[in-house]
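Have a look at the structure below before the remarks.
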Amino acid sequence: MGGPSTKMAASPSPSAKMADSEKRRPSPAIEPTRPAVLINCASEAEDAFLLQAGVSDMVRGALLKVLEARPEEPVDFLAGYFNRLMQSSAEATVDGGDPQRQLHWRLDRALWYLRLAHHSHSRIAFNNNVSMAYDSLSTGGRRKRLGVNGKLYSELLKMTLQGRGATEEMVAPLLHKITCQDHEAVPCDVFRYGVLTCLVLLEFLAKASTLYDALDGGSGTADERVCLAVLSTLEEALHASDASSPIRYLEAGSKLGPDCLALAMDKALAERKATVAMKKEEFLKKASAIFVAKVKPVG
Amino acid sequence: MGTMAHEPAPCTIKSPVVLQVGDVRTELGRPGVAVIDVMLPHSQTIDLQEIAFKNYYTAFLSLRVLRQSTTDSGDENPSKWITCLRNYCLMPNPHTEEGSQDYFSVSRHQMLCDMDRVAAIRLILRQPSPVWLHFSIEELQLFPGGQKSPQKGFPAWLSCPSQEQPASLHDGLPDAHKASSEVQQMWVLTEMLQADQPAARIGRFDVDGCYDLNLLSYT
C-alpha cells in the first residue's frame with residue numbers, strides 16, 4: 001500500500017486529504033516519524049477496508065451468536081457459522097429462478113437458525129433464532145411478508161427430525177399432532193411450539209438411548225422386564241397430575257429417585273418370567289410413545 | 001402445626017387466683033403459684049386435641065382436667081379431676097429469660113391421660129424464682145380433636161422419603177443412580193414441554209377433517 005492511497009482511505013474527505021498531503025510533502029523534518037504514521041494509517045485503512053467489505057458486521061454477528069448460544073466448542077461453532085455464511089451467499093447468487101431449489105434453500109437456512117442455540121441453554125437465544133427462522137421462511141418470494149403456511153412448517157418439522165436417530169414410527173405420531181394443513185397460516189407461536197417439540201423429542205430420545213445403555217449394563221441388550229418397569233415408572237410419574245404442581249414435582253422426584261427405581265426394577269426381575277431381551281429400537285419406540293402422548297396437539 | 005388451622009373451641013378463661021401463705025396484703029414474699037380455671041360454655045364437653053398459649057414468666061405448668069365419666073349413669077358416677085400434665089417445664093431456668101415469653105403447644109399425646117369429654121380445665125402455674133414481679137400465661141386456646149389429623153393425609157413418598165433399599169437386590173440389577181438420572185431428565189423434558197404451550201391458535205373449524213356446514217355458513 002502506497003502512502004497517498006492509504007491516506008485517501010483513512011482521511012474523512014478529499015479536501016482534508018489534500019491538505020494533509022500538501023502539508024507533509026515539503027517538510028522533510030517529519031521524515032523520521034514516517035514509519036509510525038504509516039503503521040497508524042495502515043491500521044486505520046484496514047479498519048476501513050473491513051468495514052467496507054462488511055467483515056466487521058459479519059464478525060460482530062458471529063460473536064453475538066457465540067455469546068448467545070455459548071457453545072461447548074466456540075471455535076467449531078464459528079467455523080460452522082462462517083462456512084454456512086459462505087454457502088448461503090453462494091446459493092443466493094446462483095438460485096436463479098428455480099423455485100423448488102429456492103424453497104429448499106430457505107428451509108435449510110431456517111433449520112440452521114434453529115440449531116444455532118440449544119433450547120434449554122438459553123431460551124432467549126433460542127426464541128431469537130426461532131423468530132429469525134420464521135422471518136426467513138416468511139420473506140420468500142416477491143411479496144414482502146408471505147407468512148409461513150402449513151406446508152412449509154410441516155416440511156421444516158420433518159427436516160428437523162430427519163437423520164437424527166428417530167425412526168419413522170416414532171416421528172409419525174408426533175408429526176400427526178403438531179403439523180398443520182398445507183393451506184393453514186401458522187402463527188409464530190405455534191411455529192415455535194412445533195419446532196421446540198421436535199427438538200425436545202430428539203433430546204428425549206438421546207436420553208432414552210443413554211438410559212438403555214445404563215440398563216443393559218454393558219452387555220448390549222437389556223432385560224425387557226427391567227426396561228418396562230423403568231418406562232412404566234416414568235409414565236406413572238408423568239401421570240400423577242391431580243395435585244398442584246410443586247407437590248406433583250416432589251412426588252415425581254421421589255418416584256424417579258434411585259431408591260424407588262431400584263425397587264421397581266428389582267420387583268420386575270423377581271417376577272417369574274423368561275428373560276427376554278429388549279431391542280434398543282423397541283425401547284426407544286416405547287419411550288417416544290410416552291413422550292408423544294403428553295404432547296398437546298396444535299389447533 | 002396443621003392443627004392450628006382449626007378453630008379454637010370457645011371457652012371462658014377466668015382470671016388467675018394466686019395462692020399464698022398468710023395474708024396477701026401484708027405478706028412480703030411474692031406468691032409462687034397461680035391457678036387459672038377454664039370453663040366451657042353451656043356445660044359442654046370437648047375432646048381436647050391440643051392447647052396452645054403464650055408464656056409470660058411461668059416456669060412450670062401443671063394441667064388438670066375435669067372429665068365426665070364414661071358411663072351415662074348421672075350423679076352416681078361423678079366427674080373427676082385428673083392431672084394430665086405435671087410440672088411441664090416452660091422455662092429451663094426459672095431465674096433467666098429463656099422460654100419466658102415463648103409460644104407453647106401441648107398436644108394430646110404429651111398428656112398423661114385421655115383427653116376426651118373434658119368439661120373444665122385448671123392450669124396451675126408455678127414460678128419459684130422471686131425475680132419476676134408477675135407471671136401468667138396469655139392467649140390460651142383450646143383446640144378440639146375430632147378432625148382428621150393432617151398427618152394421616154401425608155402420601156407415603158413424603159412420610160418416608162429415605163426408603164431403605166432392600167438388602168438383597170437382584171444381582172444383575174442395572175445402576176439405579178445412572179438410570180434414575182436419565183429418567184429424571186426425560187421427565188423434565190416432557191414436563192417442560194407441557195408447561196410451554198402456544199398462546200396462539202391456528203383457528204381450525206374442522207372436526208377430524210370435516211366441517212360443520214352450519215358453522216361454516218354462519219362464520
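I'd like the full set of residues that are more than 20 Å from the chain's Cα centre (by Cα) and surrounded by fewer than 22 Cβ atoms within 10 Å (Cβ to Cβ), limited to the range A:171-186.
Within the range A:171-186, A:A172, A:P173, A:H176, A:K177, A:Q181, A:D182, A:H183, A:E184, A:A185 qualify.
Does B:E191 satisfy the criteria of being of a type in the set (D, E), over 30 Å from B:C84 (Cβ atoms) and at pLDDT 85 or above?
So B:E191 fits the description; yes.
Here are some residues: A:E251, A:E236, A:E281. Which one is at the interface with chain B (Cβ under 10 Å from one of its Cβ atoms) and closer than 27 Å to A:T197 by Cβ?
Among A:E251, A:E236, A:E281, only A:E251 is at the interface with chain B (Cβ under 10 Å from one of its Cβ atoms) and closer than 27 Å to A:T197 by Cβ.
From A:K207, A:K255, grab the single residue that is closer than 23 Å to B:D175 by Cβ and under 21 Å from the mean Cα position of the chain (by Cα).
Every option except A:K207 fails the conditions.
Please work out which residue is nearest to the chain's Cα centre (by Cα), limiting yourself to the range B:76-132 and to residues that are of a type in the set (G, A, S) and not in a strand (DSSP E or B).
B:G99
Would you be able to tell me the number of residues in the range A:189-233 that are within 9 Å of another protein chain (Cβ to nearest Cβ) and of a type in the set (K, R)?
Of the residues in that region, 2 qualify.
Under the condition of being over 20 Å from A:L196 (Cβ atoms) and touching a Ser or Thr at 6+ places or on another chain (Cβ under 8 Å), which residue from the range B:177-206 is farthest from the other protein chains (Cβ to nearest Cβ)?
B:F205
Go through the range A:208-230 and give me each residue that's buried (at least 20 other Cβ atoms within 10 Å of the Cβ) and part of a helix (DSSP H, G or I).
Once the filter is applied, which keeps residues that are buried (at least 20 other Cβ atoms within 10 Å of the Cβ) and part of a helix (DSSP H, G or I), the range A:208-230 yields A:A208, A:L211, A:Y212, A:A214, A:L215, A:V226, A:C227, A:A229, A:V230.
Name every residue in the range A:283-295 that is more than 13 Å from A:E168 (Cα to Cα) and in contact (Cβ under 8 Å) with a residue 12 or more places away in the chain, in order of residue number.
A:F283, A:K286, A:A287, A:I290, A:F291, A:V292, A:K294, A:V295
Could you please give the count of residues in the range A:117-126 that are part of a helix (DSSP H, G or I) and within 10 Å of the chain's Cα centre (by Cα)?
2
Taking the stated definitions as given, is A:G299 farther than 29 Å from A:F191 by Cβ and small (G, A, S)?
Taking the combined requirement at face value, the residue does not satisfy it.
Read through the list (1) under 26 Å from the mean Cα position of the chain (by Cα); (2) assigned to a helix (DSSP H, G or I), then give the number of the only condition that A:P297 fails.
(2)
Anything in the range B:21-56 that is in contact with an Asp or Glu (Cβ under 9 Å, 6 or more places away or on another chain) and at pLDDT 80 or above? List them, or say none.
Across the range B:21-56, the qualifying residues are B:T45, B:I46, B:D47, B:L48, B:A52, B:F53, B:K54, B:N55, B:Y56.
Looking at A:A166, is it under 23 Å from A:S120 (Cβ atoms), in contact with a Leu (Cβ under 9 Å, 6 or more places away or on another chain) and outside any helix (DSSP H, G or I)?
yes
Only one of (1) touching a Gly at 6+ places or on another chain (Cβ under 6 Å); (2) within 14 Å of A:V292 (Cβ to Cβ); (3) at pLDDT below 85 is not met by A:T179, so which one is it?
Going through (1) touching a Gly at 6+ places or on another chain (Cβ under 6 Å); (2) within 14 Å of A:V292 (Cβ to Cβ); (3) at pLDDT below 85 one by one, A:T179 breaks only (1).
The values are calculated or read from the model by the stated rules, or taken from the named source; none is laboratory data. Here the structure is a predicted model, which is why all the values come from computation and not from measurement. As a convention, Cβ positions derive from the backbone with ideal geometry for all residues, glycine included, and neighbour counts pool all protein chains shown.
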